[in-house]
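Undergrad: For reference, the structure I am asking about is given below.
Derivation of every value follows stated rules applied to the coordinates shown; laboratory data play no part. Since the model is a prediction, treat every value here as computed from it, not as a measurement. In this analysis, Cβ positions are derived from the backbone assuming ideal geometry, glycine residues included, and neighbour counts consider all displayed protein chains.
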Amino acid sequence: MTLLNNYIFNHLLLMLLISAFLISGCAKATLTVRSPAEINTSKIKNVAVGGFEIGHIMLKFKTERNGVWQTHPVLLNEEQQKSISRSVRARVINLLTATPYFKVIFSDEFETLANDAALQQLVSVRGYKTKNVDAVINGKLWLEIERTDGVDLSKEGLEYFRPPRYRNSLGLNLTVDQVVWWPYKSTRGTLGLEMKMTRLLPTEVVATTFETRTYSQRIGGRSRESFQQIAESFTSVLSASKSSKTDSIESSTDVLPSFEQIIADMALSIASGFIRRVAVTEKIVSYPLAEGSFPNAKVLIEAGAYDLAIGQLQHATAENPDPNDLYNLGLCFEAIGDYGLAQMTYREAWQADPENLLFAQGLGRIERLRREHPQLQRQLDSR
Amino acid sequence: MLANIFYVSSSEMRKDFSEVKLSAFLLLCLSVFLITACVPKVSFQIERPAFQRVENINYIEVGNFQTVSGQIKFPSETSSESSRIFTVTEKLLKPAITKFNSKNELGHLAADLLRAALVHELSLQSPYQLINTTGKKTGFSGVIPDESEIAVLHAKVKYAEIIIESQEGLSYFTNVKNKGATLEQSLLAGVVSMGAESSGTGFVIATPYVEQIAALEVEFSLLRKNDRSEVIPSQSFRTYFARKWGGSETASHLPIKIKNSIITEYQSDEDSSESFLSKIDQAGLSFTNPTEYFARGFNLRNNVQVPQTPLDLKIRLARQVARQYVKQISPYYETAELHVQDGNSVAVNLIRGNAYQEAVAFLQALNKRTAEDEHNLGLAFEAGGKISQARKHYENALKMDNNNPVFKAALTRTVN
C-alpha cells in the first residue's frame with residue numbers, strides 16, 4: 001500500500017512540476033503599448049474642426065395597439081437639427097483635446113462652412129494659406145431614432161393548484177393555456193458618422209472613416225429565452241461596475257435613455273474610433289517576457305518603466321548579449337513605439353537562438369504591424 | 001488495475017485515495033489548460049490580391065453617384081432540402097411582393113451612404129490615394145497629379161425598400177392540462193393544439209409584426225480621367241435583406257423560397273455576432289482595454305428583439321456592396337487557418353510567429369530544401385499576398401512528393 005501511495009505521490013509531484021514549468025514558461029507581462037496611428041499624421045499638429053453636415057435626421061414615435069401601428073415623426077426645425085450636429089461635433093472636439101498629439105485651433109473660418117464641398121471650394125482656391133492650421137476635420141452625419149410603445153403576444157401555460165381537501169381526493173393541479181399580452185417600450189437609434197481629415201498643404205484627404213453605431217433597448221415585453229438573459233445580465237453587471245455611481249439612473253436597465261443621451265453615447269464611440277486612426281493611442285496588451293539573466297529588467301517592464309529598462313538592458317547586453325535580454329529590450333522598444341529598433345533587436349535575439357519561438361513571434365508582431373499599416377512601413381523606411 | 005486495488009482496501013483508505021484522485025484530476029485539468037493556453041495560434045493574416053488588375057492608377061476620385069429607377073431582379077432561389085419540409089405551413093401575406101422597384105427619393109440617401117461606405121473602405125485598405133471624395137466638380141488644388149494616373153469612380157444606384165408594419169391573425173389554440181396526466185397524454189395534447197393552430201382553428205387574434213425587405217443594386221464604372229477609357233470593365237453588384245420581427249415565422253410578404261435564399265446568401269453573418277461567447281469577450285475587453293471597448297461601441301446596449309431602423313438597413317446594404325467592390329480593385333486581408341509542414345525547424349518557427357518575410361529570406365538562403373520546406377516557403381509567400389511565387393513553390397513541393405494531399409490542396413487553392 002505504501003508503494004502505491006508513493007507512486008501516486010510521485011505522479012502528483014511530477015504533475016506539479018510540469019504545471020509550474022508551464023506557468024513559468026508562459027510568464028506574461030501586461031504592457032502599455034503605444035499603437036501607431038493607422039494613418040501617417042506625423043506632420044500634423046494644429047487641427048481645426050469644421051462643421052458637421054447633416055445628411056439625414058429622423059426622430060419618430062411609434063405606437064401599436066391590437067396590430068394597428070401609428071407613426072408620429074418629430075419635426076425638427078433647422079436650428080434643432082444644427083444643435084444635434086453641434087453636439088456630435090462637441091464630442092469629437094472633446095476627445096481631440098484629450099490627446100496630447102494634436103492642438104485644436106478654434107477657428108470660425110472652418111466652423112461656418114456648410115459642407116464638405118464648401119471646404120473643398122475654400123481650400124482649392126489657389127495659393128490658399130492659413131498660418132496656423134495644418135489640417136481640418138469635418139464630418140457628415142445620418143441619424144435615425146425610433147421609440148416604440150407596443151405589445152407582445154404569446155401563449156403561456158398558467159398553473160392552477162388547489163391542495164386536496166379530503167383523504168382520497170387528488171386536489172386540483174392544472175395547466176391552463178392563456179394568451180397573454182405583454183406591453184413593452186423600446187428604442188432604437190442609429191448614427192452613421194463620416195469623418196474626414198484634410199491636410200491643407202499639400203491638400204489631400206489624409207483619413208476618412210464612415211462608422212455606424214446602433215443602440216437598442218427594450219423594457220417589459222415577453223421575457224426572452226433564459227440563455228440570452230444570462231448573457232445580458234452578465235454583461236450588464238460587468239459594464240455597470242465600470243460606470244460611475246452618479247449616472248445610475250441613465251445606465252439603469254429600467255429606464256429608456258433620452259434622445260440626447262443616445263446621440264451622445266453613439267457619437268462618443270465613433271469619435272474615439274476615429275481618434276484611434278489619426279492619433280497615437282495606447283493600448284494594454286499582454287506579451288510573454290523572456291527569462292533573461294537580468295532580473296531587474298522584468299520588474300521594470302512589468303512596472304511600465306520602459307525607458308529605465310532600456311537603459312539598463314542596453315548596458316547589460318553590451319557586455320553580455322544574452323538573447324533573452326535582447327528580446328526583452330526589443331519588447332521595451334515596441335512598447336514605446338520605436339518599431340525600427342524593436343525589429344532590429346528582435347532579429348539579433350533570433351539570430352542568436354533561431355529555434356526560439358518567442359523571438360520569432362517578436363519579429364512576426366512587427367512584421368504584421370508593417371503589413372497592416374502601410375503608412376508605418378513608409379515611416380520606418382524613411383528612417 | 002488501480003481501480004481493483006482501490007476496492008479491496010479499507011474504507012478509510014478509500015477516502016484518502018479518492019481525494020488523491022480528485023486532486024490529481026484537477027492538476028491534470030490545470031496542466032491541460034495551461035498547455036493549450038501556451039500553444040501559439042497559427043492564425044494567418046493573408047493578403048489576397050485584388051480580383052481585377054488595375055494598372056497605372058495611383059489616385060481615385062469619387063465621381064457621380066446617380067440614382068436610377070427601375071426593377072431589381074429577385075435573387076436566384078436556393079433549392080435546399082430543409083426549406084421543402086416546411087412548405088405546408090408557409091403563408092404569403094398580402095400585399096405580396098412580386099418585384100423590387102427602386103424609388104428615387106430613398107435612392108438618394110442610399111447612394112450617399114454608399115459613397116461614404118466606399119470612401120471608408122478605400123481609405124482603410126486600398127493602395128490608392130483619394131483626391132476628391134464628394135463627387136462635386138471642384139477638386140483640391142495643390143500638386144495635381146498626372147491625369148492618366150487618376151481613375152474616376154461612377155456608380156448607378158437602384159434601391160428598393162419595403163417596410164411593413166401590420167398585423168396578422170394568428171390562431172391560438174388553448175387547452176387545459178392536468179398535471180397528473182401521463183407523458184403520452186400531454187404529448188398528444190401538445191400535438192393536437194399545434195395541429196389546430198396551423199390549420200387555423202382556435203382563437204384568431206391580431207398579432208403585430210414588422211417586416212423589412214430591401215434590395216440594392218449598384219453598377220460601378222472606373223474610368224481613366226484623361227481619356228475616359230475603362231480601367232476595369234463596369235460591374236454590377238446586388239445585395240438583399242429580409243427579416244421579420246413578431247408574428248409567425250413562416251409567414252412573409254415575400255415568397256418563402258426567395259426569402260430563404262436571401263437569408264442564407266446575404267445574412268449569414270447575423271447570428272455569429274450575437275453568440276454568448278462574443279458577449280463575454282466584449283465584457284472582458286472593458287477591463288483589459290477600455291478605450292477599445294468604447295471605440296467599438298460595446299458599451300452601447302443591443303437588444304435583438306428591437307427591429308432595425310430603416311437607416312440601419314440602408315447602411316448595411318451599402319457596406320456590403322462597398323466591400324465587394326473594393327475587393328475587386330484593391331488587395332485585402334483575410335484570416336485563414338493553414339497547416340505548416342514539419343520542415344526546417346527554424347523556418348517553421350518563423351512562420352508560426354507570423355514573421356513571413358523573415359521566413360522567406362531564411363528559406364531562400366538554404367542550400368537544400370526538402371519538399372516540406374518548399375511547401376512552407378510557398379506558405380510564407382502566400383501569407384504575404386504573393387500568390388504567383390507561392391504557386392511556384394507549391395509546384396516544386398509537389399514535384400518532390402507527388403501524392404501529398406496537403407501540397408495538392410495548396411496548389412489548387414492558389415490556382416483559383
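Undergrad: Using 0.36 nm times the number of residues separating B:Gln328 and B:Ser268, minus their current alpha carbon distance, what extension gain do you get?
TA: Between B:Gln328 and B:Ser268, full extension yields 19.5 nm more.
Undergrad: If I model a spin label as a point 7 Å beyond the Cα along the Cα-Cβ vector, how far apart are those points for B:Ile163 and A:Leu174 in nm?
TA: Taking the two extended label points, one gets 4.5 nm.
Undergrad: While we're here: For A:174-185, what's the mean count of beta carbons from other chains sitting within 10 Å of each residue's beta carbon?
TA: Taking the mean over all residues of the peptide, I get 3.
Undergrad: For peptide A:62-68, what's the mean number of Cβ atoms from other chains within 10 Å of each residue's Cβ?
TA: That works out to 5 on average.
Undergrad: Under a plain spin-label model, where a point goes 7 Å from the Cα along Cα-to-Cβ, how far apart in nm are B:Glu149 and B:Ser345?
TA: Each label point is offset 7 Å from its Cα along the Cβ direction, giving 4.9 nm.
Undergrad: Let me ask something else about it. Normalized C-alpha radius of gyration of segment A:291-383, against 2.2 N^0.38 Å?
TA: Normalised by 2.2 N^0.38 Å, the Cα Rg of segment A:291-383 equals 1.05.
Undergrad: Provide the net charge surrounding B:Leu363, with neighbours chosen by a C-beta distance below 12 Å and charges set as Lys +1, Arg +1, Asp -1, Glu -1.
TA: Every neighbour counted, the sum reads -2.
Undergrad: If each of A:Ile284 and B:Phe51 carries a label point 7 Å out from its Cα toward its Cβ, how far apart are those two points in nm?
TA: Here the modelled spin labels are 4.3 nm apart.
Undergrad: What percent does the relative contact order of segment A:291-383 come to when contacts are Cα pairs within less than 8 Å and at least six residues apart?
TA: Taking the mean separation of contacting Cα pairs over the length of segment A:291-383, I get 21 percent.
Undergrad: For A:Trp182, A:Trp142, A:Trp69, which order do you get if you count the other beta carbons within 10 Å of each Cβ and list the fewest first?
TA: Lowest to highest Cβ neighbour count: A:Trp182, A:Trp69, A:Trp142.
Undergrad: Let me ask something additional. Return the subset of A:Lys45/A:Lys82; A:Lys185/B:Lys177; B:Lys225/B:Lys259 for which the Cα-Cα distance in this structure is over 30 Å, preserving the input order.
TA: Cα-Cα > 30 Å for A:Lys185/B:Lys177; B:Lys225/B:Lys259; rest within.
Undergrad: With no solvent and one equal point scatterer placed on each C-alpha of segment B:338-415, evaluate the Debye formula and give log10 I(q)/I(0) for q = 0.11, 0.13 Å⁻¹, two decimals.
TA: Evaluating at q = 0.11, 0.13 Å⁻¹ gives log10 I(q)/I(0) of -0.21, -0.30.
Undergrad: Ok, one more. Along the charge dipole of segment A:291-383, which of A:Leu358, A:Ile336, A:Pro323 sits closest to the positive end, that is, farthest toward it, with unit charges on the beta carbon of Lys, Arg, Asp and Glu (+1, +1, -1, -1)?
TA: A:Ile336
Undergrad: Next up: With respect to the cross-link table entries B:Lys103/B:Lys327; B:Lys158/B:Lys244; B:Lys94/B:Lys257; B:Lys103/B:Lys158; B:Lys257/B:Lys327, which display a Cα-Cα separation exceeding 19 Å?
TA: Violating the 19 Å Cα-Cα cut-off are B:Lys103/B:Lys327; B:Lys158/B:Lys244; B:Lys257/B:Lys327.
Undergrad: What's the local net charge at B:Phe407, with K and R +1, D and E -1, over the other residues with C-beta under 10 Å away?
TA: Surrounding charge for B:Phe407 is -2.
Undergrad: Let me ask something additional. What does the charge count near A:Asp134 come to, summing +1 for each Lys or Arg and -1 for each Asp or Glu among other residues with Cβ under 9 Å from its Cβ?
TA: Charge balance near A:Asp134 sits at +3.
Undergrad: What full-extension length gain, to one decimal in nm, is calculated for A:Tyr160 and A:Ala352 as 0.36 nm per residue of separation minus the Cα-Cα distance?
TA: Residue separation times 0.36 nm, minus the Cα-Cα distance, leaves 61.3 nm.
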